[in-house]
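These notes concern the structure reproduced below.
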Amino acid sequence: MKNDDIFRAASGFGGGVGMMADTCGALIGASMILGLKHGRKRDELENIEALDKSGVPVARLYKWFQSEFGSVKCRDIRTKFGGGTFHDFTVPGQFELAEKAGIFKKCSELVGKAAAKTAEMLWDAIEGEKRVNKK
């Protein structure tokens, strides 16, 4: 998907939402993409079924992510990637230490895996819809 507005809107997710080492931005971004496919529309705000329709795939992604990376928290993941050391990007010098530890390369690989899983989930949803529509 190439949408500059969505890309720009997701820019603040890096470093665990605003560099605060909280929920991994890759998970949040992937959840947004699933929401584009499965999410409820503005006129469906009161429709709980529509909310469930978007919540279920995001929950599946969340569980997969947690299993794959050991946590959904950026702090935990970066500590693991840093060999047991947490590098706080907001502290002078820590960004460079994180870079030397290879954390950014590992995070890029994580983003790629999350994107691939999301694409797989979208593909499965589309194929499932095709099977239902054939009946």
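Rundown of residues vs (1) under 17 Å from the mean Cα position of the chain (by Cα); (2) in contact (Cβ under 8 Å) with a residue 40 or more places away in the chain; (3) in a loop (DSSP other than H, G, I, E, B); (4) over 20 Å from GLY18 (Cβ atoms), yes/no style:
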{"position": "VAL91", "(1), (2), (3), (4)": "no, no, yes, no"}
{"position": "PHE95", "(1), (2), (3), (4)": "no, no, no, no"}
{"position": "ALA114", "(1), (2), (3), (4)": "yes, yes, no, no"}
{"position": "ASP124", "(1), (2), (3), (4)": "no, no, no, yes"}
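Is it the case that GLY82 is surrounded by 15 or more Cβ atoms within 10 Å (Cβ to Cβ), within 30 Å of ALA98 (Cα to Cα), out of contact with any strand residue (DSSP E or B) (no Cβ under 7 Å at 6 or more places or on another chain) and of a type in the set (Gly, Ala, Ser)?
Criteria met by GLY82.
With respect to the numbered conditions (1) in a helix (DSSP H, G or I); (2) at pLDDT 95 or above; (3) over 12 Å from the mean Cα position of the chain (by Cα); (4) under 20 Å from GLY15 (Cβ atoms), which one is the sole condition not fulfilled by PHE86?
(1) is the only condition that PHE86 fails.
Return yes when SER31 is touching a helix residue (DSSP H, G or I) at 6+ places or on another chain (Cβ under 8 Å), part of a helix (DSSP H, G or I) and among the polar types (S, T, N, Q) and no when it is not. Spell out how you get there, then give the answer.
Working: touching a helix residue (DSSP H, G or I) at 6+ places or on another chain (Cβ under 8 Å): yes; part of a helix (DSSP H, G or I): yes; among the polar types (S, T, N, Q): yes.
The answer is yes for SER31.
So, of the residues in the stretch 88-135 that are of a type in the set (Gly, Ala, Ser) and out of contact with any Gly (no Cβ under 9 Å at 6 or more places or on another chain), which turns out to be farthest from LEU34 (Cα to Cα)? Give the steps one after another, and end with the answer.
The initial filter retains those residues of the stretch 88-135 that are of a type in the set (Gly, Ala, Ser), namely 93, 98, 101-102, 108, 112, 114-116, 119, 125, 128.
Subsequent filtering for residues that are out of contact with any Gly (no Cβ under 9 Å at 6 or more places or on another chain) retains 93, 108, 112, 116, 119, 125, 128.
On the way: GLY93: 36, SER108: 20, GLY112: 16, ALA116: 12, ALA119: 9, ALA125: 10, GLY128: 15 Å.
Taking the candidates together, the pick is GLY93.
Taking the stretch 62-83, which residues are part of a helix (DSSP H, G or I) and among the hydroxyl-bearing types (Ser, Thr, Tyr)? Spell out the reasoning first.
Within the stretch 62-83, the subset part of a helix (DSSP H, G or I) is 62-69, 74-81.
Scanning the stretch 62-83 gives TYR62, SER67, THR79.
Can you find a residue in the stretch 63-75 that is touching a Pro at 6+ places or on another chain (Cβ under 8 Å) and closer than 27 Å to ILE126 by Cβ?
Filtering the stretch 63-75 for residues touching a Pro at 6+ places or on another chain (Cβ under 8 Å) gives none.
Looking through the stretch 63-75, none of the residues is touching a Pro at 6+ places or on another chain (Cβ under 8 Å) and closer than 27 Å to ILE126 by Cβ.
I want to confirm something. Restricting to the stretch 37-74 and keeping residues that are among the basic types (Lys, Arg) and surrounded by 17 or more Cβ atoms within 10 Å (Cβ to Cβ), which single residue is nearest to LYS113 (Cα to Cα)?
Keep residues of the stretch 37-74 that are among the basic types (Lys, Arg), which gives 37, 40-42, 53, 60, 63, 73.
This time we only want the ones that are surrounded by 17 or more Cβ atoms within 10 Å (Cβ to Cβ), so: 40, 73.
On the way: ARG40: 26, LYS73: 16 Å.
The extreme case among them is LYS73.
Looking only at the stretch 41-61, decide whether some residue is within 11 Å of the chain's Cα centre (by Cα) and either modelled with pLDDT of 95 or more or not in a helix (DSSP H, G or I) (or both).
yes
It is to be established whether one or more residues within the stretch 11-20 are part of a helix (DSSP H, G or I), polar (S, T, N, Q), at pLDDT below 90 and under 14 Å from the mean Cα position of the chain (by Cα).
The initial filter retains those residues of the stretch 11-20 that are part of a helix (DSSP H, G or I), namely 11-13.
Next, only the ones that are polar (S, T, N, Q) stay: 11.
From what's left, at pLDDT below 90: 11.
Now narrow it down to the ones that are under 14 Å from the mean Cα position of the chain (by Cα): 11.
There is at least one residue in the stretch 11-20 that is part of a helix (DSSP H, G or I), polar (S, T, N, Q), at pLDDT below 90 and under 14 Å from the mean Cα position of the chain (by Cα).
Considering each of LYS117, LYS105 in turn, give the residue that is under 15 Å from LEU27 (Cβ atoms) and of a type outside the set (S, T, N, Q).
Details: LYS105 fails: under 15 Å from LEU27 (Cβ atoms).
On inspection, the qualifying residue turns out to be LYS117.
Only one of (1) over 13 Å from the mean Cα position of the chain (by Cα); (2) modelled with pLDDT of 90 or more; (3) surrounded by 14 or more Cβ atoms within 10 Å (Cβ to Cβ); (4) in a helix (DSSP H, G or I) is not met by GLU99, so which one is it?
(3)
The values are calculated or read from the model by the stated rules, or taken from the named source; none is laboratory data. Small disclaimer: the values here were computed from a predicted structure and weren't measured. Please note: Cβ atoms are built from the backbone with ideal geometry, for glycine as well, and neighbour counts cover all protein chains shown.
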